[in-house]
Amino acid sequence: MPEAREAKCSFIICDGYFGPILVKDGALPLERIDIDATEKEQKRFPKSHPAHQGLSYAIDSSCTAKRGTNKSQGSVYPSMWRTTGKKKATNRLGELAVVGMEYTYRGIILNLGGLFLMIQFLTHTSTHPMSRAAYESSIKVVNKELRKFCVGMALVFKDHVLAFHSHDLVFQPTWACSRDELPAAASDFRSPSWDFPSASATWMLGRRRLFWHRSLYSD
């Protein structure tokens, strides 16, 4: 899990780049999401497909790719919008637009209007906002083996891109219909609304009483 300063620094980078745009325009409409395939996924695509060639590619509702640790993974495409079986693949990402962002000690949360997206960095993942021209001319057209990093997720807007680059594609996306449905964040011990010394003392006293009660029944 990243340190709090890593999450905060990533938020500052995003807010510094996109903050003025949001203040001016109010929202940043999303056009598509690009990802890099894992080595196992790469083999499933035909040779003519960008993914098979080690390039990032746009996903739609037929995408089944998940990212995260072995025991906890999230879909890169909104799981509530995925199509399965014989249903025709669609792309509803154009319905979304960034209207706000925040950070927790676990990662960054994007308010996309209709949905919320939380990106947990886990290991070796960094945040890179850039112009769309720079992304499409220097990253999207370069094989991941040559560029030495992977496109975990790249949120592509009209003129800009918010890319989450990863060394090993170990990061965790979580989609939710509301902010409350996202995983609970750790309490901020610096917040005046939470009395850290009192909470710590209560926890330690509880541990002490538990130990004392156990000792009465020990041999």
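Descriptive notes on the structure:
- Only one of the listed residues (6, 39, 31) is under 20 Å from residue 136 (Cβ atoms) and out of contact with any Asp or Glu (no Cβ under 6 Å at 6 or more places or on another chain). That residue is 31.
- The number of residues in the range 1-47 that are touching a Lys or Arg at 6+ places or on another chain (Cβ under 9 Å) and over 27 Å from residue 92 (Cα atoms) comes to 3.
Residue-wise test of (1) in a strand (DSSP E or B); (2) in contact (Cβ under 8 Å) with a residue 60 or more places away in the chain; (3) over 10 Å from the mean Cα position of the chain (by Cα).
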| residue | (1), (2), (3) |
| --- | --- |
| 118 | yes, yes, no |
| 135 | no, no, yes |
| 145 | no, yes, yes |
| 152 | yes, yes, no |
| 155 | yes, yes, yes |
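- All conditions but one from (1) surrounded by 15 or more Cβ atoms within 10 Å (Cβ to Cβ); (2) farther than 14 Å from residue 154 by Cα apply to residue 123; the one that does not is (1).
- Condition met for residue 54 (part of a strand (DSSP E or B), crowded, with 17+ Cβ neighbours inside 10 Å and not aliphatic (A, V, I, L, M)): no
- Of the residues making up the range 149-163, not a single one is of a type in the set (Asp, Glu) and either surrounded by 18 or more Cβ atoms within 10 Å (Cβ to Cβ) or at pLDDT below 95 (or both).
- Among the residues of the range 68-87, those that are without any contact (Cβ under 8 Å) to a residue 40 or more places away in the chain and either within 24 Å of residue 169 (Cβ to Cβ) or surrounded by 21 or more Cβ atoms within 10 Å (Cβ to Cβ) (or both) comprise 70, 71, 81, 82, 83, 84.
- Filtered residues of the range 26-50 (kept if surrounded by 11 or more Cβ atoms within 10 Å (Cβ to Cβ) and of a type in the set (Asp, Glu)): 31, 34, 36, 41
- In the set 58, 65, only one residue is in contact (Cβ under 8 Å) with a residue 12 or more places away in the chain and under 17 Å from residue 119 (Cα atoms); that residue is 65.
- Selection of the range 94-114 for residues being among the hydrophobic types (A, V, I, L, M, F, W, C), in a loop (DSSP other than H, G, I, E, B) and in contact with a helix residue (DSSP H, G or I) (Cβ under 8 Å, 6 or more places away or on another chain) yields only 99.
- Residue count, the range 9-25 (criterion: touching a strand residue (DSSP E or B) at 6+ places or on another chain (Cβ under 9 Å), loosely packed, with under 15 Cβ neighbours inside 10 Å and not hydrophobic (A, V, I, L, M, F, W, C)): 2
- The residues on offer are 104, 90, and the sole one that is within 23 Å of residue 62 (Cα to Cα), surrounded by fewer than 20 Cβ atoms within 10 Å (Cβ to Cβ) and among the β-branched types (Val, Ile, Thr) is 90.
- In the range 111-120, the qualifying residues are those that are hydrophobic (A, V, I, L, M, F, W, C) and either under 18 Å from residue 68 (Cα atoms) or outside the structural domain of residue 165 (by TED's automatic domain parsing) (or both), and the one that is surrounded by the fewest Cβ atoms within 10 Å (Cβ to Cβ) is 116.
The values are calculated or read from the model by the stated rules, or taken from the named source; none is laboratory data. Note that the coordinates shown come from a computational prediction; the quantities given were computed from them, not determined experimentally. Note that each Cβ is placed from the backbone with ideal geometry, even for glycine, and that neighbours are counted across all protein chains shown.
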